[in-house]
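One structure is given here, and the rest of the page talks about it.
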Amino acid sequence: MALKKNDEIELYIDSVSLTGSGIGRHDGMAVFVPACAKGDRLLVHIIKVKKSYAVGKALKVLSLSSDRVQNNCAAFPSCGGCAFRHMSYEAELQLKYEAVRDAFKRIGGINIEPKSIIGSKNMTGYRNKAQYPVRREGNEVKIGFYAQRSHRVIDSRDCSLAPKEFETILNIFADWIEKHNVSVYDEVSGRGLLRHIYIRKAFETGEIMVCPVSSGKKLPKTDELIEELLKAVPAITSVVLNVNSEDTNVVLGKECITLYGKGYITDILCGVKVRISPLSFYQVNRAQAQRLYEKAAEYAAPKKDTLMLDLYCGAGTIGLSMADKVGELIGVETVPQAVEDAKLNAKENGITNAEFICADAGEAAQMLLQQGKKPDVIILDPPRKGCSAETISAAVGMKPERIVYVSCDPATLARDCAEFEKLGYFVREVTPVDMFPRTAHVESVAWLSK
């Protein structure tokens with residue numbers, strides 16, 4: 001009998017998606033149930049039926065999977081941040097490994113067995129950056145994270161993935177908002193000032209940057225706010241107002257106004273001092289970033305006469321971590337502030353063989369190709385959407401010995417690697433790295449060559 005909405009069925013969960021939803025089958029139809037583990041047997045209430053799948057809600061657990069662990073977060077699963085707080089870390093790592101392997105096979109048509117996933121030694125307090133939306137509901141101010149597939153804010157200031165100082169900072173903001181009746185941005189009307197609270201921490205130096213994101217260039221009583229912040233968290237070395245007056249879902253605007261300190265913080269990654277401004281890309285998990293970059297360096301196999309091209313270079317962290325091993329480094333990035341940070345990072349570290357260009361990766365690759373530049377190694381670390389066809393074509397046209405592709409999305413990595421294989425560059429190895437324990441994300445680094 002075909003499934004219908006409001007049916008109640010017994011369901012065995014035989015797999016789990018990368019979003020943490022359990023998948024079982026009822027008369028051949030896939031049924032998705034949130035926050036399940038492989039091996040759960042459940043009584044499920046069907047809440048949605050589509051042509052090829054259904055969605056259910058667990059009413060009762062009939063028997064628990066051996067992968068189950070006790071959830072220790074009051075915001076899970078309402079908060080959209082974590083996906084695997086109900087599963088053992090070993091089960092989470094296996095699932096992420098399979099997600100990378102299956103993406104290559106299913107999307108890329110590449111039958112490769114990845115190397116063992118590099119798991120994280122720490123599953124709590126590892127995030128060096130967090131962006132908290134601020135909303136007012138009636139008389140209540142909510143600071144936390146968006147619920148899954150919505151812009152409804154779940155109040156969650158004590159997230160276990162973030163450093164403890166972040167909670168202290170958020171509570172000071174909440175008191176300041178109430179005390180001075182600071183207007184909070186409303187997405188529907190487009191009115192109000194404070195949109196987000198954005199915090200970054202440099203784990204090696206301990207420096208913290210606090211960035212209120214506002215729709216205007218001024219916030220009330222910021223001197224008092226800064227005084228309270230510094231009193232409670234002396235590690236704060238910069239307070240920067242980010243201005244975002246656009247009607248957009250993008251968190252940060254392009255303008256930054258330094259209210260206190262240098263306007264940036266400094267961390268140390270792979271022995272390189274890294275200057276981090278509000279708009280600079282920097283890996284969220286520093287400890288795992290070091291392990292990721294070490295694997296990238298292994299795949300790059302740099303030599304003293306190597307010309308290395310680092311596309312989508314951000315503040316230059318990957319390339320600069322290998323600069324002492326190559327003859328010349330060229331980095332390319334579209335964000336002007338990040339390029340300036342990359343140049344300053346090179347100068348601060350006494351690196352004289354590095355050049356950084358502010359340009360689109362594809363356009364810069366074409367330009368370098370026309371100039372006759374022939375890099376021996378190309379590093380790719382694109383955003384989630386992956387590389388453009390222009391970038392792939394230009395990279396292949398420069399005929400490097402090796403391409404090292406760092407990716408935060410197995411699907412776009414597999415898709416792009418398939419394009420590279422069509423053009424004669426084949427995947428030799430791929431290693432998953434768990435940069436974001438308890439969440440639905442997994443990083444990977446792949447080595448390609450002719």
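Remarks
- Charge dipole (Cα centre; +1 on Lys/Arg Cβ, -1 on Asp/Glu Cβ; no other charges) of region 129-269 amounts to roughly 260 debye.
- Among 248, 391, 205, residue whose mean-square fluctuation peaks in a GNM of the chain (springs only between Cα atoms under 10 Å): 248
- Structural descriptor for region 93-246: relative contact order 18 percent, calculated from alpha carbon pairs under 8 angstrom and at least 6 residues apart.
- Put in line by how crowded their Cβ is, counting other Cβ atoms within 10 Å and starting with the fewest, 194, 18 read 18, 194.
- Using θ = phi - 60° and Karplus 6.51 cos²θ - 1.76 cosθ + 1.60, couplings along region 261-271 (whole Hz; Gly, Pro as x): x, 7, x, 7, 10, 10, 10, 10, 10, 6, x
- Under-5 Å amide H pairs with residue 238, H placed in peptide plane, nonlocal only: 208, 210
- For residue 40, the residues whose amide H sits under 5 Å from its own are 13, 65, ignoring neighbours fewer than 5 places away on the same chain, with H placed 1.01 Å from N.
- Cα Rg over Rh - region 310-450, Kirkwood: 0.95
- In order along region 216-231, the Karplus-derived 3J(HN,Hα) couplings, from 6.51 cos²θ - 1.76 cosθ + 1.60 at θ = phi - 60°, round to x, 8, 9, 10, x, 6, 5, 4, 5, 4, 4, 4, 5, 4, 5, 5 Hz, and Gly and Pro are given as x.
- Total charge dipole magnitude, the chain, about the Cα centre, Cβ charges on Lys, Arg, Asp, Glu only, Debye to nearest 20: 740 debye
- Gain on full stretching of the segment that runs from residue 98 to residue 301 - 0.36 nm per residue minus C-alpha separation: 70.4 nm
- Kirkwood hydrodynamic radius over Cα pairs of region 129-269, then Stokes diffusion coefficient at 20 °C and 1.002 mPa s, in µm²/s: 141 µm²/s
- In summary, the aspartates and glutamates within cross-link reach of residue 129, defined as a Cα separation below 15 angstrom excluding same-chain residues under 8 places away, comprise 158, 165, 167, 204, 207, 267.
- Using θ = phi - 60° in the Karplus curve 6.51 cos²θ - 1.76 cosθ + 1.60, the 3J(HN,Hα) couplings for region 89-98 round to 5, 4, 5, 4, 4, 5, 5, 5, 4, 5 Hz; x is entered for Gly and Pro.
- Each of 19, 160, 323 was scored by the projection of its Cα onto the charge dipole of the chain, and the greatest displacement toward the positive side belongs to 19; charges sit on the C-beta of Lys, Arg, Asp and Glu.
- Each pair of Cα atoms in the chain enters the Kirkwood radius, and Stokes-Einstein at 10 °C and 1.306 mPa s then converts it into a translational diffusion coefficient of 67 µm²/s.
- Looking at the chain, the DSSP beta bridges with both ends there are about 70 percent antiparallel.
- Considering helices alone, the calculated mean residue ellipticity of the chain at 222 nm is -7500 deg cm²/dmol, with DSSP H runs of length four and up weighted by -39500 (n - 2.57) and normalised per residue.
- Residue (of 307, 442, 260) at the positive-pole extreme of the chain, dipole from beta-carbon charges: 442
- Volume per residue of the C-alpha convex hull in region 8-63, rounded to whole Å³: 69 Å³
- Normalised by the number of residues in the chain, the average gap of Cα pairs under 8 Å and 6 or more apart makes the relative contact order 12 percent.
- Between 311, 241, 368, the residue with the greatest mean-square fluctuation in the GNM of the chain (Cα pairs under 10 Å linked by springs) is 368.
- Near the amide H of residue 144, within less than 5 Å, lie the amide hydrogens of 156, all on another chain or at least 5 residues away, with H placed in the peptide plane.
- Within the shell defined by Cβ-Cβ distances under 11 Å, the residues around residue 16 carry a net charge of -3, with Lys and Arg each +1 and Asp and Glu each -1.
- Remark: for residue pairs 115/304; 50/105; 295/422; 273/385; 142/231; 38/96, the C-alpha separation exceeds 18 Å in 115/304; 50/105; 295/422; 273/385; 142/231.
- With a simple spin-label model that places each label point 7 Å from the Cα along the Cα-to-Cβ direction, the separation between residue 373 and residue 151 comes to 3.9 nm.
We did not get these values from a lab; they are worked out from the coordinates using the rules stated. These figures come from a predicted structure and were not determined experimentally. Positions of Cβ are backbone-derived with ideal geometry, glycine not excepted, and every protein chain shown enters the neighbour counts.
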